[in-house]
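In what follows, a structure is listed as structure tokens, so that the remarks can point back to it.
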Amino acid sequence: MIKRRIVTALLTGIIALSVVIAPVNAASLSDQLAESNQRQADAQYQVDMTQNTIAGIETEIGKANDEMSRIGGVIDGLNGEIATLEANIVQTQQELDAAEAKRLEQETAMNERVRAMYMYGNGSMLEFLFSSSDFADFVTKVDMSRYIVESDKEALTALEETKRIIDEKKKSIEADRLATVSKKTEQETALNQQQEVKAQKDELLAQNQAILGEAQAKLDAESAEAANIKNQIGALLAQQNAANGSTTGGNSNFTPSSGQYQWPCGGSITSPFGPRTDPYTGYHEGVDIGASTGTPVLAMGNAQVLSAGYNGGYGNCVIIDMGNGLQAYYGHLSAISVSAGQTVNKGDVVGAVGSTGHSTGPHLHFGVISGGGFVDPFGVF
């Protein structure tokens with residue numbers, strides 16, 4: 001058991017020592033940086049796409065809310081119509097009941113007269129007529145008898161017609177009420193459908209917000225990792241410079257430029273240095289030079305390549321260190337012609353103009369760092 005522990009300790013020590021003495025150079029760190037930048041770009045793409053998806057879902061949810069609000073207003077209006085129709089039905093029923101009562105009253109009175117005439121026979125009617133004091137009185141009584149009978153009939157007929165009209169009115173109102181209730185049912189069905197749509201969109205929104213949170217966390221982690229690797233590269237170059245007695249480069253053959261620098265490529269300035277309205281940032285840390293894809297990009301001066309690879313929003317990017325705190329960035333390249341740790345001379349080709357990364361068209365992003373911060377490149381030349 002003791003021997004096994006000793007062997008395990010020795011193996012552990014050897015592994016740890018191998019890690020310590022494993023060679024670390026700017027090239028290997030640059031490869032790590034390129035991989036980290038690629039993962040960062042992938043995470044940024046996921047963030048951007050998810051944010052676009054969320055914006056679309058929120059728009060759809062807004063539309064669903066607006067439609068539910070509209071349908072709710074329609075239902076409220078239909079409820080008002082139904083209440084009015086039901087009140088009209090109650091009132092019409094009251095009118096119908098009153099007409100029916102009056103008809104029954106009139107019919108009862110007429111039946112009483114008919115029954116009396118039947119009981120007393122025609123003799124009573126003749127007695128009534130011949131009791132007239134004169135012929136004029138007789139004619140008057142005949143007309144009166146005829147008028148009573150006809151009036152009874154007309155009154156009953158009128159009451160029946162009134163009842164019929166009221167009954168038809170009630171049926172019409174009831175039909176309108178049923179039609180309105182049917183419309184309300186349709187609107188309630190549409191409202192339920194919209195509520196189901198919104199519930200689905202809400203669930204989809206929650207899922208995408210969770211995805212966004214994961215992608216943003218990954219992006220933040222990769223950004224931190226890339227910054228850490230850049231710091232390691234900077235520290236390594238500083239150590240190499242100190243070991244070689246140079247102010248830059250890490251290569252004894254490297255000689256800083258005398259101060260006359262090379263402009264990277266021809267083309268017009270499409271976006272100057274400084275604050276701007278920008279699709280991606282609110283401040284431009286360099287100048288954009290409009291040029292065709294494939295146009296050679298030249299080294300600003302004698303330098304050592306600090307980084308060469310994909311670099312987030314810069315796309316394919318080369319960073320060179322010219323010493324004395326001066327560095328140059330070449331972004332959005334379509335091709336890279338150098339590798340990290342390599343030395344270049346002023347005017348050497350480091351890559352070709354392109355539109356990789358966050359770019360709206362072929363151009364070169366040319367940035368210059370002096371004294372630890374980005375400066376206007378025109379102030380250096």
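Taking R0 as 30 Å, what's the FRET efficiency between V181 and D66 from their Cβ-Cβ distance, rounded to 0.05? The pair V181/D66 has a calculated efficiency of 0.70. In terms of accessible area, using a 1.4 Å probe and ignoring ligands and nucleic acids, E95, E58 rank largest first as E58, E95.
For the range 170-238, the solvent-accessible area of protein heavy atoms averages 61 Å² per residue (probe radius 1.4 Å; ligands and nucleic acids excluded). For the range 38-90, the mean projected area of the C-alpha convex hull, equal to one quarter of the hull surface, is 3.6 nm². Annotation: per residue accessible area for the range 34-106 equals 56 Å², rounded to a whole number [probe 1.4 Å, protein chains only]. To the nearest µm²/s, what D does Stokes-Einstein give for the range 282-354 at 37 °C and 0.692 mPa s, using the Kirkwood radius over alpha carbon pairs as Rh? The calculation lands on 269 µm²/s.
Using 0.36 nm per residue of separation minus the Cα-Cα distance, give me the extension gain between E58 and T108 in nm, one decimal. Stretched fully, the E58-T108 segment lengthens by 10.6 nm. Which percent of the accessible heavy-atom area of the range 258-381 goes to carbon and sulfur, probe 1.4 angstrom? The value for the range 258-381 is 49 percent carbon and sulfur by accessible area.
Our estimate of slack between D376 and Q193, defined as 0.36 nm per intervening residue step minus the Cα-Cα distance, is 60.0 nm. Computed over protein heavy atoms with a 1.4 Å probe, the accessible surface of the range 286-381 works out to 32 Å² per residue. In loop segments of the range 280-367 as defined by DSSP, the chymotrypsin sites (Phe, Trp or Tyr not before Pro) with at most 14 further C-beta atoms inside 10 Å of their C-beta are Y280. Within the straight-line cut-off of under 24 Å between alpha carbons, the lysines reachable from K184 are K63, K169, K170, K171, K198, sequence neighbours fewer than 8 places apart in one chain being disregarded.
Proximity of backbone amide H atoms, modeled 1.01 Å from N, is registered between G351 and V297, S337 at under 5 Å, excluding neighbours fewer than 5 places apart on the same chain.
The values are calculated or read from the model by the stated rules, or taken from the named source; none is laboratory data. Predicted, not measured: the structure shown is a model, and the values here were computed from it. Quick reminder, even Gly has a Cβ in these numbers, built from the backbone with ideal geometry, and neighbours come from all protein chains shown. Ligands, DNA and RNA are stripped out before the accessible areas are found, and what is left, the full protein with its side chains, is counted by its heavy atoms. Shrake-Rupley method; radii C 1.70, N 1.55, O 1.52, S 1.80 Å.
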